[in-house]
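Here is the structure we will look at.
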Amino acid sequence: MSASPPPQPSESEAHAVPTCFRHPDRETYVRCTRCDRPICPDCMREASVGFHCVECVAEGSRGVREARTAFGGRVTERPYVTWVLLGLMLLGFLAQQVNPFLTSQFGMFGQSVFHGAWYRLLTAAFLHGGLMHLLFNGFAMYVVGPQLERWLGHARFLALWVLSAVGGSVLSYVVDPLQLSVGASGAIFGLFGAIFVIGRRLRLDTRFIIGLLAINLLITFLVPGISWTAHIGGLVTGLALSAAYAYLPRGAGQSDRRRQTRTIVHASVTLGYAALLAAAVVGWTFVLMG
């Protein structure tokens, strides 16, 4: 029995050059190891075996759950927020050396807040009373900030730092509105409080932070010229917010719905605490006006 020979490709087909399926004008001899479509260098994504096209990479990424910390934040490889805040503290101090009047213009002074300069509640945290003041706060931030940022993620850590700084300023406004104060001490004490709470939540040894807090509180009340209101206000804020981040909602797991619930709860607590601080400023302003 005879069989007819297979059809021979035409000369044009035999010499046809494959082109990228996304860029038909680009010749290529590389194929995606998942879909087997030809891909040019711009469409190649290196894989464990060969290369994948951008469409296969995107399709695979949709099924990968984003990594989260134990408290709901995105996993961070670098403590960028800590570095940025340290940079702003340094820039604020250098600006003070160029223009010493910045201290009186942007430091925490209750009488100015009374007349509407609310920005002082935060800007005071980026100014310092001297080089040693800056070095102390900067070193404390360098020691505890990166670890806390990795636990909480960028957003929660930034909210904790900002609201702790503002919380210290608010207590200063209520207790001693005629005192001019500067420094990130309120925010630093907030971080101390958060390290303690989250350390307890993770069942870590917290004796070091307890000792550090005790020493700093003694210095706060024994050394003259230190704004104890900023320290206590920041500490209370740090304890309150970190407790919410660490323990609410109860029983939160890693499922998508529970993670979304936790994000909503944490955002609500953060905004609620910010509103509470604002209400305290407004309320005390009315008291002073009366």
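If you wrap the tightest convex hull around every Cα atom of region 18-58 and split its volume per residue, you get 56 Å³.
As a check on your grasp of the helix formula, calculate [θ] at 222 nm for the chain: sum -39500 (n - 2.57) over DSSP H runs of n ≥ 4, divide by the residue count, round to the nearest 500.
So the calculated ellipticity at 222 nm is -20000 deg cm²/dmol.
Find out how many positive minus negative residues lie around Val269, taking Lys and Arg as positive, Asp and Glu as negative, among other residues whose Cβ is under 12 Å from that of Val269. Its environment carries a net charge of +2. A simple rule links phi to the HN-Hα coupling: the Karplus curve 6.51 cos²θ - 1.76 cosθ + 1.60 with θ = phi - 60°, which for region 266-278 gives 5, 5, 5, 5, 4, 5, x, 5, 4, 5, 5, 5, 4 Hz, with x for Gly and Pro.
Restricted to Cα atoms, region 80-289 shows a radius of gyration and a Dmax of 17.1, 53 angstrom. Which of Gly130, Gly234, Gly92 ends up with the largest GNM mean-square fluctuation for the chain, with Cα atoms connected below 10 Å? Largest GNM mean-square fluctuation: Gly130. Count Lys and Arg as plus one, Asp and Glu as minus one, and take only other residues whose Cβ is under 11 Å from that of Ala244; the net charge is then +2.
Annotation for Leu202 and Gln97: the two label points, set 7 Å from Cα along the Cα-Cβ direction, are 3.5 nm apart.
Determine, for each peptide in 163-175, 143-155, the mean count of other beta carbons within 10 angstrom over its residues, then list the peptides with the highest first.
The most tightly packed comes first, giving 163-175, 143-155.
Per-peptide packing, taken as the mean over residues of other Cβ atoms within 10 Å, places 98-111, 210-223 in the sequence 98-111, 210-223 from highest down.
Selection among Ala184, Gly110, Leu235 by position relative to the dipole of region 80-289 gives Leu235 as farthest towards the positive end (Cβ unit charges, Cα centre). If the chain linking Ala58 and Tyr80 were pulled fully straight, counting 0.36 nm for each residue of separation and taking away their Cα-Cα distance, it would gain 5.2 nm. Straightening the chain between Ser268 and Tyr247 buys 6.1 nm, computed as 0.36 nm per residue apart minus the Cα-Cα spacing.
Read-outs throughout are calculated quantities, based only on the coordinates presented, and are distinct from any laboratory measurement. Everything numeric here is computed off the predicted structure, so don't read it as measured data. When we count neighbours, we look across all protein chains shown, and the Cβ atoms used for this are built from the backbone with ideal geometry, even at glycine.
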